[in-house]
1. Taking amide H positions as placed in the peptide plane 1.01 Å from N, state which residues far from Arg62 in sequence (5 or more) or on other chains have amide H under 5 Å from it.
2. Among Lys17/Lys88; Lys44/Lys99; Lys11/Lys37; Lys37/Lys95; Lys22/Lys99; Lys42/Lys100, which pairs are too far apart, with a Cα-Cα distance over 24 Å?
3. If each of Glu69 and Lys37 carries a label point 7 Å out from its Cα toward its Cβ, how far apart are those two points in nm?
4. Which of the three applies to segment 5-113, rounded, prolate or oblate, going by the alpha-carbon gyration tensor with a ≥ b ≥ c and a/c under 1.5 meaning rounded?
5. Taking 0.36 nm per residue of sequence separation and subtracting the Cα-Cα distance, how much length would be gained by fully extending the chain between Lys22 and Lys88, in nm to one decimal?
6. So for Asp47, Asp32, fewest C-beta neighbours within 10 Å to most, what's the order?
7. Determine ³J(HN,Hα), in whole Hz, for all residues of segment 6-18 in sequence, where each value follows from phi through the Karplus function 6.51 cos²θ - 1.76 cosθ + 1.60 and θ = phi - 60°; x replaces Gly and Pro.
Amino acid sequence: MGQERVYRSKKFKTWYKTLSEKEQGIVDTRIDTYIEKGLLLKSKSLDPGLGLYEFKWGSGLRVYYAFLEDSEGRLMLLLLGGNKNSQKSDITESKNIIKKAVIQISVKKKTKVLSTRRKP
């Protein structure tokens with residue numbers, strides 16, 4: 001397996017900057033595990049139609065993401081982060097981000113949303 005591609009949305013980057021150094025390290029470790037090994041640890045499907053998933057931790061921290069595919073292959077799109085208290089609004093906002101991203105990217109690169117089925 002080659003190195004996985006990851007794109008961070010503006011909203012994800014803004015949220016990430018609000019985290020403590022320790023929390024940033026926790027998030028980075030999970031994302032690095034995906035980039036380096038293709039492993040999705042403690043991941044949950046939230047909306048099969050949009051391919052929306054979340055990573056979550058016992059502390060309540062969450063990262064919302066989706067997979068897209070273009071001529072270069074698979075791309076992980078980090079949409080937004082949040083916590084247990086903001087989960088409902090974060091999921092709604094993540095759905096809006098993915099819809100906008102698909103439109104923007106598909107116009108540029110003919111990208112499509114991947115199915116929610118993971119590769120074996």
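Here, each number is a calculation from the coordinates, and none is a lab measurement. Keep in mind the model is a prediction, meaning the values are calculated, not measured. All Cβ positions, glycine included, derive from the backbone under ideal geometry; neighbour counts span all protein chains shown.
1. Gly82, Asn83
2. Long pairs (Cα-Cα over 24 Å): Lys11/Lys37; Lys37/Lys95; Lys22/Lys99; Lys42/Lys100.
3. 2.5 nm
4. Prolate is the answer for segment 5-113, as a/c is 1.5 or above and a/b outweighs b/c.
5. 21.3 nm
6. Starting with the residue having the fewest Cβ neighbours, the order is Asp32, Asp47.
7. Running phi through 6.51 cos²θ - 1.76 cosθ + 1.60 with θ = phi - 60° gives 9, 10, 9, 5, 4, 5, 4, 4, 5, 4, 4, 5, 7 Hz.
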